[in-house]
Every structure is written in structure tokens, then in C-alpha cells.
Amino acid sequence: MVGCSCQKLPQNFKFGAATAAYQIEGGWKADGKGKSVWDEFVHTHKDAIEDRTNGDVAADSYHLWREDVRIASQLGLDHYRFSISWSRILPSGLPNNVNKAGVKYYSDLIDELLRQGIEPVVTMYHFDLPLTLQSLGGWTNPLIVDWFSDYAKVLYSLFADRVKTWITMNEAVVLCDMIFNTGSLAPGIKEEELAPFLCNKYLLLAHAKAYRIYEREYKNKYHGRISLANNIIWIEPYKHPRDKELAKLGLDFMIGRYSHPIYSKEGGWPPTVEKILLEYSLKQGYNYSRLPSFTEEEKKLLKGSADFYAVNYYTTYVIRPAKKGERGFWFLTGSPELDAMMEKPAYAEPSAGVIMPVYPKGLRQTLSYLKKNYGDIDIMITENGYAGKHQMYDHVRLKFIKDHLTEVYLAINEDKVNVIGYTYWALMDNFEWNSGYSVAFGLYAINHDDPKKIRSPRLSSQYYACVIKTHEINVSDQCINENIDKLHLPHYHSFTNRISASKTVIVVLFLGFMYIYYYR
Ligand code: GAL
């Protein structure tokens, strides 16, 4: 086709949108739900949340879940990724008491999604640990491996007949590194020495044990797939060629720590990480590595314990050696062990999420890196989203999605990476952790001051709907405008159209000016 800038994603490529329980459900005390660390944190650490809000009501999805399914269906989503609140199903976190109302809530949601032809992609754990388990040490107590796998067993027994894609954990790097290194997220504990690394080990083992239970007891019958979602910040060298080596090590910490044990041929921690942490721990006066080692049996349990790679990509950072007195922490500002600092790249675009500059090319790099290091595994993008202001006519988000999908297209077509799907974060505006409701990620907007919590489609949602319908990234303005006519938004003009429209205005003004000049 002459002049066609067609970039079509494969016919079997899946499109989705994501949310997480604490960020949308509300109903924090409803019908026998137990408290989670976030329920506690927002009430005891009000200053930790930018606008001093909380998720007590959030998008009220506990009551408005039918609305969520309705908008998912309006978009034409292939899948909807949501998370189950552990303490809504098991109020204390332990399986002796199953909350029937919680079970019914998720069961109804799953049924309705399936009825609308939308696949439920279920995250078992998205940051909201039952408070009782936290009081027993949470992710730093080895018993959590059993607590989590008992919870997983309950979920399988209830939903495995209908849920075919499971994500055990959301973002180990946030759960272990960011949470314990900053203390600024629930449970509000700052302990940088041991907690992140104990959490590394137990979280991975908990995932693997849950995986093996499914493999043993459900896989033959239901043929589902399981993975864990890793948040990957792509890391590039700062300036100097010597920073290249640092970037490589940075990726071993960022990606390898949570991937090598599962996806590599050898299994276990990445050798570089193991070596650096042992040396650093000895220097600190420990006589062991702060990163606990795996037994051979544990290595075996972990190796191959995922059916696909799930990646959440938002941003790219650069890495450089730390200057005297500088000390960063994983995963946003650097690493004491590497004596390195990370910074936002000068070439990335800012967004309302201060820690998330926009750099779509980093997504393609990430996808190619995963293929290069872990082979031809299927990769599902389980989150990618733009932190914006609360506006309806969100050109920037539309461009964000388009630019990221273009990188996915290139990864598939040029680098031959098996990317099987894309999931936009988020289906609708929600409680964004420390930022509260001050930023908006949603394809659908919610006015949080309005108790009705009406979901209103943004411009970007209608672009996304067109992509889903055609699999074409450069969708026609006509497709978007047909959709938004129904939504009473001003018409959309793509960049090229806007340029030619403004050219026309300039020419008309010029001619008008000449006319007045010569004939007045
Ligand atoms: C991810 C997280 C989500 C959401 C998103 C946007 O790291 O999984 O819960 O908050 O970031 O910041």
C-alpha cells in the first residue's frame, strides 16, 4: 500500500489492561475482610501519601465491579489483569478461615469476565500482605513460603477451573528492594541490610512452591500458565565506556536476581550478584553473604518454575559510579554494593510520575535482553502505563501507548522476540500508592470526589480500542473519531494531520495579510 505506515501486531497478540486489589477495590472492611499492610499503613502514616488519601474506597470496585467489566468489554480487551486481596479471601492470611463473601466477589467477577469473552489474568499477590502475617515477620520469615503456598492452594481450588493465567507475585524488586530500602511504602519498615535479601530468597521460593503445586495438581486438567511479574527498569550506561560494565552488572541485580534462578540453564543467583554480595558482606564484617544461598534442592525447585516471562516496564535509568559520599539504593537510586548511582536519562521525557521518565526504546531493549539471556520464552507485558494529570483529552498517553507498541512491534519483527501480549496499566484511575490520587494512569478517568465513581473514557482509551480492533498501531483518525463521537469529546487529529492543518492556517493567514497589505 503506497504511503501506508502499517505496523500490525500479530493476529494472536493479546491486549489487556491491569489493576490491583488495594488500588481499586475499596471495601477495606467489608463483609469479613481482614486488614492488609496497606490498610494499616495509610491510616498510621498519613504523611507518606502525597494527598493524605487512602484506598478505603478507591474506585469502589468491590461494589462497582460490573462497571469494570463493562468498560473492559467496551474496549474489546482480550484479558483483564486484576489481583486478589489475600486478606479478603483469608482474613488472617492463613487457610483455616475462608471468607465466603470474598470468594463470591472474585468468583462473580471471573464469571462475568468470561461471559464477556475477557480472559481473567489473576495476580495472587500485589503488595497487600495480610497484617497478621506481617506481624510475624512477613517476607523475612521463611515460613512465608508455606503461608503463600497454602494461600495459592486455596485460590487454585476455588478458581483454577476458570483462571488459566496466574501471576504469583507482582514486582519482587519493589516488594523486597524498594519497600525495605526506603520504608516509605507499607509496611513502613526500613531495614536495608538483611530484609531485602531474605525477602529475595523467600519470595522466589514461595513463587516456586506455588508453581509446583499447580503443576502437580492442576496443570494436566486445566492447562493454565503461571509466572511472576518483574518490574524492569532498563539500565543504560551514563556517559563513559567504563559505565557499560556497570550497566551490565546493574541489569544482573535488576533483572538477573529475579530471573536467573528461574529462567537460566544453570539456575541459582546470577554468579556476579552472588560474588559481589559475598565480598561486600565480608567487608562489612559479616562472615556470610547477606544474600542467603539456595540449597541444590531449592535451585531445582526454582529452575523452570514459570511458563512465560511477565514484565512490567515503565522507565529507563542511566548508571554511573558514585561520587564521594553518594549512596544509592536498589532499585531507583543506585547500589551501595556496586558503588553506583542511577539517574533519570537526560534523553527521556518527563511524566507526572516523577520517578518514571518516559523512554519507549527501553522496552525494546528489555525485550531483546530477555530473549538473549533466557532464550525464546514467551513474554507477556503485564504492565506499561503513563502517569498523567487528570485530563480527559490525553494526547500524551495516546502517544505513550503508540510509541511503546511500536517498540513491541520492532522487538517482534526485527529482534524476533516472542512477545505475546501487552497490558496497559491501568484500566481506570486508582490509588497510586505514595502519590494517592494525585496522578492518573487510567484509560478511564474517575473523579475521586464523586461518590458515584463514574468511569469516563479518556481519548487514549478510544485509540487503544481501535488498536485492539485492528491490531494496527497507526490507527486512522477516523476510527478514533467514530468512537469519540459517542463520548462527546472534541475530535482527534493525529500529529501529521495537525501539522497539515496548521500549515493550511498559516498559508491562509499569509494570503490574507498580503491581500490587506496590497489592496488597503
Ligand atoms: C507498578 C505497580 C502498580 C502501579 C504502577 C504505576 O510498579 O505494579 O501497582 O502502581 O507501578 O506506578
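The values are calculated or read from the model by the stated rules, or taken from the named source; none is laboratory data. Being a predicted model, the structure only gives us computed values, none of them experimental. Here the Cβ positions follow ideal geometry from the backbone for every residue, glycine too, while neighbour counts run over all protein chains shown. The area values use the complete protein model at the heavy-atom level, side chains included, leaving out ligands, DNA and RNA. Shrake-Rupley method; radii C 1.70, N 1.55, O 1.52, S 1.80 Å.
Tally time: how many residues in segment 258-292 are of a type in the set (F, W, Y) and in a helix (DSSP H, G or I)?
Number satisfying all stated conditions: 3.
Please count how many residues of segment 433-447 are within 25 Å of N483 (Cα to Cα) and either within 21 Å of the chain's Cα centre (by Cα) or within 16 Å of the ligand (Cβ to nearest atom) (or both).
Qualifying residue count for the region: 7.
Scanning segment 399-432 for residues that are aromatic (F, W, Y) and more than 12 Å from the ligand (Cβ to nearest atom), which turns out surrounded by the fewest Cβ atoms within 10 Å (Cβ to Cβ)?
Among residues in segment 399-432 that are aromatic (F, W, Y) and more than 12 Å from the ligand (Cβ to nearest atom), the one surrounded by the fewest Cβ atoms within 10 Å (Cβ to Cβ) is Y409.
Tell me, which residue of segment 162-171 that is within 30 Å of L332 (Cα to Cα) and more than 11 Å from the ligand (Cβ to nearest atom) is most open to solvent (accessible area, probe 1.4 Å)? Spell out how you get there, then give the answer.
Filtering segment 162-171 for residues within 30 Å of L332 (Cα to Cα) gives 165-171.
Retained after the next criterion (residues that are more than 11 Å from the ligand (Cβ to nearest atom)): 165-166, 168.
On the way: T165: 17, W166: 0, T168: 0 Å².
Looking at residues that are within 30 Å of L332 (Cα to Cα) and more than 11 Å from the ligand (Cβ to nearest atom), I get T165.
Only one of (1) surrounded by fewer than 17 Cβ atoms within 10 Å (Cβ to Cβ); (2) more than 16 Å from the ligand (Cβ to nearest atom); (3) not hydroxyl-bearing (S, T, Y) fails for K389. Which number is that?
(2)
What number of residues in segment 319-333 are modelled with pLDDT of 95 or more and buried (at least 22 other Cβ atoms within 10 Å of the Cβ)?
1
Any residue that is in contact with a strand residue (DSSP E or B) (Cβ under 7 Å, 6 or more places away or on another chain), away from the ligand (no atom under 16 Å from the Cβ) and open to solvent by less than 40 Å² (accessible area, probe 1.4 Å) - is there at least one of those in segment 481-493?
Checking segment 481-493: not a single residue is in contact with a strand residue (DSSP E or B) (Cβ under 7 Å, 6 or more places away or on another chain), away from the ligand (no atom under 16 Å from the Cβ) and open to solvent by less than 40 Å² (accessible area, probe 1.4 Å).
Condition first: in a loop (DSSP other than H, G, I, E, B), open to solvent by less than 50 Å² (accessible area, probe 1.4 Å) and touching a residue at least 40 places away in the same chain (Cβ under 8 Å). Now tell me which residues in segment 130-161 satisfy that. Don't jump to the end; show me each part of the working.
To start, the set of residues in segment 130-161 that are in a loop (DSSP other than H, G, I, E, B) comprises 136-137, 141-143, 160-161.
Okay, now just the ones that are also open to solvent by less than 50 Å² (accessible area, probe 1.4 Å), so 137, 141, 160.
Residues satisfying the conditions are N141, A160.
The rows are residues; the columns are (1) aromatic (F, W, Y); (2) over 26 Å from the mean Cα position of the chain (by Cα).
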| residue | (1), (2) |
| --- | --- |
| K300 | no, yes |
| G304 | no, no |
| F308 | yes, no |
| N312 | no, no |
| K324 | no, yes |
| R327 | no, yes |
| P336 | no, no |
| A340 | no, no |
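Quick check on my filter: what residues within segment 9-57 are closer than 30 Å to I473 by Cβ, within 21 Å of the chain's Cα centre (by Cα) and open to solvent by 60 Å² or more (accessible area, probe 1.4 Å)?
K14
Test of understanding: among S73, S83, which residue is within 21 Å of I381 (Cα to Cα) and within 16 Å of the ligand (Cβ to nearest atom)?
S83
Listed here are the residues, each with its yes/no results for (1) in a strand (DSSP E or B); (2) over 24 Å from the mean Cα position of the chain (by Cα).
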site	(1), (2)
S87	no, no
N97	no, yes
A101	no, yes
D108	no, yes
G117	no, no
T123	yes, no
F127	no, no
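Any residue that is farther than 23 Å from A229 by Cα and in contact with a Lys or Arg (Cβ under 8 Å, 6 or more places away or on another chain) - is there at least one of those in segment 79-91?
For segment 79-91, residues farther than 23 Å from A229 by Cα and in contact with a Lys or Arg (Cβ under 8 Å, 6 or more places away or on another chain): present.
Among the residues of segment 53-76, is there at least one that is among the acidic types (D, E) and assigned to a helix (DSSP H, G or I)?
Yes, because at least one residue in segment 53-76 is among the acidic types (D, E) and assigned to a helix (DSSP H, G or I).
On the given criteria, is T19 within 16 Å of the ligand (Cβ to nearest atom) and either touching a Pro at 6+ places or on another chain (Cβ under 7 Å) or hydroxyl-bearing (S, T, Y) (or both)?
So T19 fits the description; yes.
Would you confirm, using the coordinates I've provided, whether K344 is among the basic types (K, R) and closer than 24 Å to F441 by Cα?
In short, yes.
State all residues of segment 110-129 that are open to solvent by 10 Å² or more (accessible area, probe 1.4 Å), in contact (Cβ under 8 Å) with a residue 12 or more places away in the chain and away from the ligand (no atom under 16 Å from the Cβ); if no residue qualifies, say none.
Within segment 110-129, D111, E112, L114, Q116, G117, E119 qualify.
If A186 satisfies every condition in (1) part of a loop (DSSP other than H, G, I, E, B); (2) under 28 Å from D108 (Cβ atoms); (3) away from the ligand (no atom under 16 Å from the Cβ) but one, which is the exception?
Of the numbered conditions (1) part of a loop (DSSP other than H, G, I, E, B); (2) under 28 Å from D108 (Cβ atoms); (3) away from the ligand (no atom under 16 Å from the Cβ), the odd one out for A186 is (3).
Please note which strands (runs of 3 or more DSSP E) are completely contained in segment 389-461 and include at least 1 residues that are free of Cβ contacts under 8 Å to residues at least 60 places away in the same chain.
444-446
Does D78 meet the test of being open to solvent by 40 Å² or more (accessible area, probe 1.4 Å) and over 28 Å from N483 (Cα atoms)?
Details: open to solvent by 40 Å² or more (accessible area, probe 1.4 Å): yes; over 28 Å from N483 (Cα atoms): no.
No, not satisfied.
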